[in-house]
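A short worksheet on the structure shown next.
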Amino acid sequence: QAASSPSRPSADSATLSPPLSISSLALAAVSRWVGVAEMAQVPERPPPPSLACLGDAELLDWTYHRRPRKEFVVLPELEEERRHSQSVFKDLISRHETCHEALFGLGRLAVLQQRYDEGLGYLEEAVALVQREALYLAWLAWALLLAGDHRGLIERTGARSRAAGLCVEALRLVPRLVLALRCLVCVALSTPLFAGGGWQAALPHAVELAACSPVAGLYVVARVLLQDSISADSAARGLKDLIAEVPLQRQNSAIWAAAAVRRCLEAFDASMGTEWAARLPPPRLLELDPDLKSPRKGAASPQPDAHVVATKLLAVDALWQHWVHRAKDPVQAAEVALLAAAQLRPCTAAWQRAVCLALKAFAFQGCWDECWKLAASELAFCLSPEVLYQCGRLAYFDGRADPIDAYLPHLHHLASSPEVPTKAFPHILFWIGMLHHKRGEWVLAARALQAAVPGLQQGEGKSKLARAEATISSVAKLQTDVHEVFDHSNAVLRQAAGKPIMAAAVGEGASADGSSPSSSAGAGPSWPWSMFGVWRGSGVVVSVESTDPYLGKLCRSRMALMCGAGAEAEAEAEAEGLIEAAATESPRRWEAHMELWQLHACRRDHTRATLIGRRLVELAGVDHQWGPGLLVDGQRLLRGKVWACSGYAAVGPLSLAHLLLAKSLRHCGLWEDAWDALIVGESEAAGSAHGTFWYQQAKVCMRALREAVDRSPDPSRAAILERAAVSNLVVVPPPLDGDDGHEGQVGAEEEEAAAAISLWQRRASERLCTLDALGDLAAEDYARIARLSAVLEALERRLSMQSAP
C-alpha cells in the first residue's frame, strides 16, 4: 500500500526512491487484508521468532538451505519445554540405557539446535537398538546430511550416500513418509550433476512428495524447478500461487495446492516433453468457502494451519531469493513479499519475516521512502523486534540521518532487553557500532564493535567480524592522527598566547580502545615545530580527510591557525571558513561548534560566542551519547583548558556546554542569564562537576557585585584607597568633580541597585561557603577560592563604609 503511493515529499526523495511497478494482485491482497488488520487486536507482547512457526520438517529444510536463524525474542515456555524434555530423556537413560525413545528424543533436540555431532551419536544408538523404525532412520539421514556440510569432501560424499540409503530404507518401511522424501530431495540437490545428482534427480522424489502431501509438495516441486532456467518462470508462478491462492486453513488447502502443483508440472511437461503431471492423483473438485479467502468484516476468521503457514514462509523466502539473487528483479521480490505480508498477517511470527523481506526488496531497488513508509505502517500494527532489527540494519545502508536517528534507539533497547537471546547480541551490537560509525561517533562505534567481536568469533558472522575488526583499526588510526594534530596545535597556540604548554589530558570516554586517560604534563608538542613538522602535519590532515572529511576540515583549520604567524587575520578567516563549512555539513556534530566558540571567544566577540553556546546546549541536551562518543574531547577542543575545582576530571558535554554559555553571557555582562545557565547546568551535571559550577557561580557573583558596587554612590575617596590597598583586583574610577555622592534623594534606581547588591552578596557568600566545604581540591583551586574570598571581603568593607553615617 505504501509502495503504490504516487505522492513524494520532495524532488530529493524522488531521486532517492525511483517508482516501483507493483501488480494489481499484490495491491488487492494488501487492501483486502488491511480490513482484517483493522479488526485484529494489536499484540500486547512482541511476536515469537519467525522460526517458531516452522515444524520439524520445515526447520530442517530451512537449515539445509543455510537461511538465517537469528531470533530476537526468547520464548520462556519453549526453553522450559526443551530443558524439561532433556532432563526427562536423560533421567530415562540413566535408569534404562537401552531406552531408544529417550535416545531419539535427545538426538532430535540436538539436531534442531544445530549440535549435529551430538545428535548423530544419540540417533546412531537409537537406530542400533531399533533398526526397523522409519522415523529414526529419516532423522539419522537428516543429521548426516546437515553434519556433512562442515566436513571434508570425502566425508561429505559418504554422508550423502549413507543418508540416501537410510531414506530409501525408511520409505520401504513407510512408503509415504514426508520427512524421508524431503531428505531425498535435498540429498539429490546437494549431489553434483556428474555424480547423478542435481534437480533432475530430485524431481521424481518431489513429485512423489506432492502426490502424498500437496502443500509441502508444491513448495518442493517449485523449488526444484527453480534450479532450471527454462522452467524457472513456471516454478515461480507455482510458488506465487502457494503464497497468494492456497488458504491458510487446513480445509481445502490441499486441494488448492494439488491444483497448483498440476498446473506447474503441466507447464513443465509442455516445455520439456515429459509426463510428470500424469503421476499425480486425479484432481478433486470442491467449492471453496469464500470466507476462507476474503474474510468479511465482523466475521470470526478460522485459525491458520501451522503446516500451511510454515510452507508459505518457506515459499516466500525461496521465491524472494530467486528474484533478488538469480533473476536480479527486486521489483518482483517486493511484490511477492507484500503478498506474503498480507496473507500471513493473522500469524505474526511468519508475518514479520515477510515484512523484513519486503523492506529488503525496497532497499535493493533503492526505494528508501517506500521502505520507511512500509516499516512505519507495519510496526504500527505490531512492534516486532525482528522488523526493528532489519530497519536498523537498512538504516545504515540508507545513510541518511533521519532513519538512523529513528531506529538506533530501538537497537540500543534490543541490546539491553532481557527478552533477546544471547546469540543475537553480537549482531545487534555490530549494527549499533556501524550506525554510530555512519553518524561519525567513532568512539561509540569502536566500543560497540569491540563488544560484538567475541560473539562474532564464536558464532556466525565471519564477514561481520572482518568488517568490525577493520572498522576498529581505522577508528584507532583516525583517533591517533586527530589527537596528534590537536595536541600539536594546542601546544603552539598556548605558547603563542604566553600560557604554559600542557599535554592534553584525554577525558573519560574519549579513548577508542577504552584505555585509561592520561593527565600528565608534557614539555611540548608531539613533533618539533619546524618545516618538517608542518610537512608531517599536512600529511596527517590528508589522512584524516580521507577517512572523515568533517574532522579533516577541523584539522586543516588548526593547521591554518598554526601557520598564520604574522598574518593572524587571514589565518583566522581561513580557519573560520573551514569550521563553518564543517558545521554546515554536519550540524549535529558539535566539535565544529566548539571550535567556532573558541574562535569567537579569542576575538572577544562574545555576542556570537553566546549564540554558539546556546547551540551547544541544544546539541548536548538532545543527544547525551555525545560525551563518551567524542573522538576529540572537550579539553583538547578548548586548547588544554582545565576548569577550576574540577579535580582534573573530565567535564561532560552537557556540563561543558552550559559552562561555555555562562562564560559568554558573563563576558556580555548578562549576570542573571549567566547565573541561570549555571544553575541549569548544575542540576543536570554529574556530582563530580558540581564544584566547577559552584566556582563559576561565585565568579559571576563577584563580577555582578563589583559592577553593582561601582555604580552605587561612594561617600569617600579614602574608601577607594583603602580598598585598593587590600586588593588590586577591583579598580574603581574616582568620583567626578562636583559629585559628592550624597546629594539628592534615593530614587527607584538606587533602591533597585541596593536590592541587587544584597542579592549578589548573599549568593556569593553561599557559594564561597559551599566551596570551602569541598575537599580533595588542588592547591591552585584553594588559591582561587581564597582570592575570591578576598575580593568579597573588600567589597563588603566598601559597602560598610558607604552605609556609615
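The values are calculated or read from the model by the stated rules, or taken from the named source; none is laboratory data. Since we're looking at a predicted model, the values are computed, not measured. Glycine gets a Cβ as well: all are built from the backbone with ideal geometry, and neighbour counts include every protein chain shown. The accessibility values were calculated without ligands, DNA or RNA, using every heavy atom of the protein model including side chains. Shrake-Rupley method; radii C 1.70, N 1.55, O 1.52, S 1.80 Å.
Quick check: is even one residue across the stretch 466-479 among the acidic types (Asp, Glu), surrounded by fewer than 21 Cβ atoms within 10 Å (Cβ to Cβ) and without any contact (Cβ under 8 Å) to a residue 40 or more places away in the chain? Before you say what the answer is, go through the steps one by one.
Going through the stretch 466-479, the residues among the acidic types (Asp, Glu) turn out to be 469.
Cutting the leftovers down to surrounded by fewer than 21 Cβ atoms within 10 Å (Cβ to Cβ) gives us 469.
Filter once more, so that each one left must be without any contact (Cβ under 8 Å) to a residue 40 or more places away in the chain: 469.
Checked against the condition, which is being among the acidic types (Asp, Glu), surrounded by fewer than 21 Cβ atoms within 10 Å (Cβ to Cβ) and without any contact (Cβ under 8 Å) to a residue 40 or more places away in the chain, the stretch 466-479 yields at least one hit.
Go through the stretch 146-159 residue by residue and tally those that are in a helix (DSSP H, G or I) and either small (Gly, Ala, Ser) or surrounded by fewer than 20 Cβ atoms within 10 Å (Cβ to Cβ) (or both).
At the first step, the residues of the stretch 146-159 found to be in a helix (DSSP H, G or I) are 146-148, 153-159.
Among the residues that remain, those that are also either small (Gly, Ala, Ser) or surrounded by fewer than 20 Cβ atoms within 10 Å (Cβ to Cβ) (or both) are: 147-148, 153-159.
Final tally of qualifying residues: 9.
Can you run down the residue pairs with Cβ atoms below 8 Å, 6 or more apart or on separate chains, where the first is in the stretch 68-81 and under 17 Å from residue 109 (Cβ atoms) and the partner is of a type in the set (S, T, N, Q) and open to solvent by less than 70 Å² (accessible area, probe 1.4 Å)?
Pairs found: 69/63.
Based on this model, can you work out whether residue 376 counts as open to solvent by 20 Å² or more (accessible area, probe 1.4 Å), at pLDDT below 95 and over 27 Å from residue 549 (Cβ atoms)? If you could, list the steps in order and put the result at the bottom.
Values: open to solvent by 20 Å² or more (accessible area, probe 1.4 Å): yes; at pLDDT below 95: yes; over 27 Å from residue 549 (Cβ atoms): yes.
When the stated conditions are applied, residue 376 passes them.
Pull up the stretch 645-690, narrow it to residues that are assigned to a loop (DSSP other than H, G, I, E, B), surrounded by fewer than 18 Cβ atoms within 10 Å (Cβ to Cβ) and at pLDDT below 85, then point me to the one that is farthest from the chain's Cα centre (by Cα). Don't jump to the end; show me each part of the working.
Applying the first criterion (assigned to a loop (DSSP other than H, G, I, E, B)) to the stretch 645-690 yields 645-652, 668-670, 685-686.
Filter again for surrounded by fewer than 18 Cβ atoms within 10 Å (Cβ to Cβ), leaving 647-648, 668-669, 686.
Narrowing the set further to residues that are at pLDDT below 85 leaves 647-648, 686.
Numbers: 647: 35, 648: 33, 686: 26 Å.
Per the stated criteria, the residue is 647.
If I go through the stretch 343-368 residue by residue, how many of them are within 15 Å of residue 319 (Cβ to Cβ) and in a helix (DSSP H, G or I)?
Kept after step one, since they are within 15 Å of residue 319 (Cβ to Cβ), are these residues of the stretch 343-368: 343-344, 350, 353-354, 356-358, 360-361, 364.
Filter once more, so that each one left must be in a helix (DSSP H, G or I): 343, 350, 353-354, 356-358, 360-361, 364.
So the answer is 10.
Got at least one residue in the stretch 724-731 being at pLDDT 85 or above, out of contact with any Pro (no Cβ under 8 Å at 6 or more places or on another chain) and open to solvent by 20 Å² or more (accessible area, probe 1.4 Å)?
First, pick out the residues of the stretch 724-731 that are at pLDDT 85 or above: none.
Looking for residues that are at pLDDT 85 or above, out of contact with any Pro (no Cβ under 8 Å at 6 or more places or on another chain) and open to solvent by 20 Å² or more (accessible area, probe 1.4 Å), one finds none in the stretch 724-731, hence no.
Results for (1) surrounded by fewer than 23 Cβ atoms within 10 Å (Cβ to Cβ); (2) at pLDDT 85 or above; (3) under 22 Å from residue 659 (Cα atoms), shown as yes or no for each residue.
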position: 570; (1), (2), (3): yes, no, no
position: 577; (1), (2), (3): yes, yes, no
position: 605; (1), (2), (3): yes, yes, yes
position: 609; (1), (2), (3): no, yes, yes
position: 635; (1), (2), (3): no, no, yes
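Pull out all pairs, ordered by first then second residue, where Cβ-Cβ is under 6 Å, the residues are six or more apart or on different chains, the first lies in the stretch 680-692 and is under 15 Å from residue 647 (Cα atoms) and in contact (Cβ under 8 Å) with a residue 40 or more places away in the chain, and the second is of a type in the set (Phe, Trp, Tyr) and not in a helix (DSSP H, G or I).
Final answer for the pair search is 692/643.
In the stretch 763-805, what residues are free of Cβ contacts under 8 Å to residues at least 12 places away in the same chain and either under 45 Å from the mean Cα position of the chain (by Cα) or more than 22 Å from residue 753 (Cβ to Cβ) (or both)? Quick ask: steps written out before the conclusion?
In the first step, residues of the stretch 763-805 are kept if they are free of Cβ contacts under 8 Å to residues at least 12 places away in the same chain; the result is 766, 769, 773, 775, 779, 782-783, 786, 800, 803, 805.
Within the stretch 763-805, 769, 773, 775, 779, 782, 783, 786 meet the criteria.
So, of the residues in the stretch 350-364 that are touching a Leu at 6+ places or on another chain (Cβ under 8 Å) and among the small types (Gly, Ala, Ser), which turns out to be surrounded by the most Cβ atoms within 10 Å (Cβ to Cβ)? Let's see the steps before the verdict.
Of all residues in the stretch 350-364, those touching a Leu at 6+ places or on another chain (Cβ under 8 Å) come to 350-351, 353-355, 358-360, 362-363.
Now drop any that are not among the small types (Gly, Ala, Ser), which leaves 350, 354, 358, 363.
Numbers: 350: 30, 354: 28, 358: 32, 363: 20.
Step by step, filter the stretch 350-364, then rank; the result is 358.
Output the qualifying pairs, or none if there are none: Cβ atoms under 9 angstrom, residues six or more apart or on different chains, first residue in the stretch 354-375 and farther than 17 Å from residue 325 by Cβ, second residue among the hydroxyl-bearing types (Ser, Thr, Tyr) and part of a helix (DSSP H, G or I).
354/50; 368/13; 369/13; 375/407
Give me the pairs: first residue in the stretch 107-134 and touching a residue at least 24 places away in the same chain (Cβ under 8 Å) and closer than 25 Å to residue 71 by Cβ, second residue among the small types (Gly, Ala, Ser) and open to solvent by 20 Å² or more (accessible area, probe 1.4 Å), beta-carbon distance under 7 Å, and six or more apart or on different chains, which are they?
Correct list of pairs: 109/85.
If a residue has to be of a type outside the set (Asp, Glu), out of contact with any Cys (no Cβ under 6 Å at 6 or more places or on another chain), more than 20 Å from residue 306 (Cβ to Cβ) and open to solvent by 40 Å² or more (accessible area, probe 1.4 Å) to count, how many in the stretch 77-99 make the cut?
So the answer is 11.
Filter the stretch 703-714 down to the residues that are of a type in the set (A, V, I, L, M, F, W, C) and surrounded by fewer than 24 Cβ atoms within 10 Å (Cβ to Cβ), then identify the one that is farthest from residue 634 (Cα to Cα).
Filtering the stretch 703-714 down to residues of a type in the set (A, V, I, L, M, F, W, C) leaves 704-705, 708-709.
The next check asks that each one be surrounded by fewer than 24 Cβ atoms within 10 Å (Cβ to Cβ); those that pass are 708-709.
Details: 708: 34, 709: 36 Å.
This residue is 709.
Restricting to the stretch 572-592, give me the number of residues that are charged (D, E, K, R) and touching a residue at least 60 places away in the same chain (Cβ under 8 Å). Break it down into steps so the answer makes sense when it comes.
Taking the stretch 572-592 and keeping what is charged (D, E, K, R), we get 572, 574, 576, 580, 585, 588-589, 591.
From what is left, the residues that are touching a residue at least 60 places away in the same chain (Cβ under 8 Å) are 588-589.
The qualifying residues number 2.
For residue 337, state whether it is under 30 Å from residue 261 (Cα atoms), buried (at least 24 other Cβ atoms within 10 Å of the Cβ) and in contact (Cβ under 8 Å) with a residue 12 or more places away in the chain.
On the way: under 30 Å from residue 261 (Cα atoms): yes; buried (at least 24 other Cβ atoms within 10 Å of the Cβ): yes; in contact (Cβ under 8 Å) with a residue 12 or more places away in the chain: yes.
It is true that residue 337 is under 30 Å from residue 261 (Cα atoms), buried (at least 24 other Cβ atoms within 10 Å of the Cβ) and in contact (Cβ under 8 Å) with a residue 12 or more places away in the chain.
Which count do you get for residues in the stretch 127-145 that are under 21 Å from residue 181 (Cβ atoms) and part of a helix (DSSP H, G or I)?
Residues flagged as under 21 Å from residue 181 (Cβ atoms) and part of a helix (DSSP H, G or I) within the stretch 127-145 amount to 13.
Rundown of residues vs (1) open to solvent by less than 70 Å² (accessible area, probe 1.4 Å); (2) more than 28 Å from the chain's Cα centre (by Cα), yes/no style:
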{"residue": "573", "(1), (2)": "yes, yes"}
{"residue": "582", "(1), (2)": "yes, no"}
{"residue": "588", "(1), (2)": "no, no"}
{"residue": "591", "(1), (2)": "yes, no"}
{"residue": "597", "(1), (2)": "yes, yes"}
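Within the stretch 225-241, is there a residue that is open to solvent by less than 40 Å² (accessible area, probe 1.4 Å) and β-branched (Val, Ile, Thr)?
No: the stretch 225-241 contains no residue that is open to solvent by less than 40 Å² (accessible area, probe 1.4 Å) and β-branched (Val, Ile, Thr).
Can residue 403 be described as within 19 Å of residue 71 (Cα to Cα) and open to solvent by less than 60 Å² (accessible area, probe 1.4 Å)?
Details: within 19 Å of residue 71 (Cα to Cα): no; open to solvent by less than 60 Å² (accessible area, probe 1.4 Å): yes.
Criteria not met by residue 403.
Which of (1) over 36 Å from the mean Cα position of the chain (by Cα); (2) at pLDDT 90 or above is the odd one out, the single condition residue 96 does not satisfy?
It fails just one condition, (2).
From the list 247, 302, 282, which residue is over 17 Å from residue 226 (Cα atoms), open to solvent by less than 10 Å² (accessible area, probe 1.4 Å) and either part of a loop (DSSP other than H, G, I, E, B) or modelled with pLDDT of 90 or more (or both)? Give the steps one after another, and end with the answer.
Details: 302 fails: open to solvent by less than 10 Å² (accessible area, probe 1.4 Å); 282 fails: open to solvent by less than 10 Å² (accessible area, probe 1.4 Å).
Just one listed residue meets the conditions, 247.
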